[in-house]
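First comes the structure, then the notes that go with it.
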Amino acid sequence: MYRKLLYMKRPVFIALLILSIVYSCNNTDKVAEEIAKINVDLKVSRFDEAYSNAKVADIPLLKKTYPYLFPAQYADSVWVKQLQDTIQIELFTEVKKTFPVFADEAEELKSLFQHIAYYFPETKTPKVVTVTSYVDYRNRVILADTLLLIGLDNYLGPEHHFYKDISNYIALGLDKKFMASDVADEFVNTKVQQLRDRSFLGQIIHYGKKLYLKDKLMPNVDDDIKIGYTEKQLAWAEVNEDPIWRNFIEQEHLYSTDTKLAQRFLEPAPFSKFGLELDNESPGRIGQYMGWQIVKAFMDRNEISLEQLFNIPAEEILKKSNYKPKK
């Protein structure tokens with residue numbers, strides 16, 4: 001009898017499941033349509049081009065147009081010397097080769113700021129100014145209120161000769177395909193509150209919240225781009241999600257406040273450090289990836305806003321996520 005009832009209920013369950021999926025898809029499509037209608041006035045100024053084409057007589061006008069790029073304590077002679085600097089000239093030349101136009105990049109940024117405007121309507125779209133920065137890859141993007149500076153010499157491709165002395169795991173991110181994602185990171189950092197929970201769980205969930213917000217802001221971007229992995233690195237993380245999680249639990253990492261755990265699993269590095277033979281195969285920052293999966297599982301099961309998510313403690317997120325790693 002029980003089996004008969006179970007059999008009778010299956011079509012109902014399947015029908016409800018299909019309706020749920022259809023509703024979810026329709027809702028997602030509706031949001032996408034609303035976002036596409038948002039008018040974002042994205043202005044891009046190619047300061048790198050203006051400066052590379054400038055003559056000495058053009059400096060006063062450049063200073064007037066871009067005052068924030070010319071600190072008052074420096075005399076004009078500094079800028080004249082920079083115009084004639086052979087390294088600076090080579091930077092301009094290489095940037096022009098990679099970015100003869102900025103149309104595709106501008107479209108990616110426009111889409112990003114349309115999504116930001118949808119979820120955070122109080123946010124003003126910044127003016128975008130492209131510059132060169134002597135390959136200051138640690139500050140490749142600077143977002144300051146209504147101004148966004150992008151150092152284009154940090155996006156020439158991982159094999160570029162400018163990057164030959166930079167560690168490979170860093171150089172892999174110096175590609176223009178990561179530019180919009182880097183901009184999203186800067187915005188996300190202003191929205192996800194400062195980390196207070198110093199446990200390892202608290203830290204991975206903190207990064208998970210940031211990556212989940214990027215999911216919302218960049219829904220059409222591949223996950224490897226959002227987290228800054230190669231496709232191969234992301235595939236490794238997906239295949240090994242279960243043993244990674246078991247390792248974290250068995251080694252009692254989750255509630256530990258050992259600062260070395262951040263160095264091993266959260267900070268940029270050529271690989272994550274489990275102390276096992278497989279280490280060299282793993283991507284760095286694997287803890288960020290794991291936190292991302294937990295937060296996604298939590299949000300799939302709980303109807304809450306992004307603002308609410310940012311304020312929920314890590315332990316509550318883990319418990320209510322019913323997280324089960326992929327096997």
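Please treat every number below as a calculation from the coordinates, not as lab data. Keep in mind that this is a model prediction, so the values were computed, not measured. Quick reminder, even Gly has a Cβ in these numbers, built from the backbone with ideal geometry, and neighbours come from all protein chains shown.
Tabulated values for the structure
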read-out	value
Percent RCO, i.e. relative contact order, over region 44-182, from Cα pairs under 8 Å lying at least 6 residues apart	23
Residue among Tyr137, Leu62, Ala171 farthest towards the positive dipole end of region 44-182, charges placed on Cβ	Leu62
Debye log10 I(q)/I(0) at q = 0.09, 0.11, 0.12 Å⁻¹ for region 200-321, Cα point scatterers	-0.23, -0.35, -0.41
Per-pair calculated FRET efficiency, R0 = 35 Å: Val31 and Glu252 via Cβ, rounded to 0.05	0.30
Burial order of peptide ranges 227-233, 31-37, 147-153 (average beta-carbon count within 10 Å, highest first)	147-153, 227-233, 31-37
Mean separation of Cα contacts under 8 Å (6+ apart) over length of the chain, as relative contact order %	14
Peptides 68-77, 303-312 ordered by average Cβ neighbours within 10 Å, highest first	303-312, 68-77
Residue-averaged [θ]222 nm for the chain, counting only DSSP H segments that reach four residues, each worth -39500 (n - 2.57)	-17000 deg cm²/dmol
Length released on extending from Val40 to Asp215, taking residue separation times 0.36 nm less the Cα-Cα span	61.0 nm
Test item: Cα-centred dipole of the chain, Lys/Arg +1 and Asp/Glu -1 on Cβ, debye	1040
For the chain, built as a Gaussian network whose Cα springs stay under 10 Å, the top-fluctuating residue of Pro243, Pro158, Pro283	Pro243
Cross-link pairs Lys260/Lys319; Lys30/Lys214; Lys191/Lys260; Lys226/Lys296; Lys55/Lys81; Lys214/Lys296 - those with Cα-Cα distance over 22 Å	Lys260/Lys319; Lys191/Lys260
Among 115-125, 168-178, the order from most to least packed when residues are scored by Cβ within 10 Å on average	168-178, 115-125
Correct option for Cα extents along the principal axes in Å [calculated from the coordinates] among (i) 92, 49, 34; (ii) 57, 54, 34; (iii) 86, 52, 32	(i)
Highest-MSF residue in the chain out of His161, His253, His206 [GNM, Cα springs under 10 Å]	His161
Long-range amide H partners of Lys127 with built H, under 5 Å	Leu147, Leu148
Cβ charges +1 (Lys, Arg) and -1 (Asp, Glu), total dipole of region 185-327, debye	320
Flagged links, alpha-carbon separation over 20 Å, of Lys177/Lys209; Lys232/Lys327; Lys97/Lys164; Lys37/Lys110; Lys63/Lys127	Lys177/Lys209
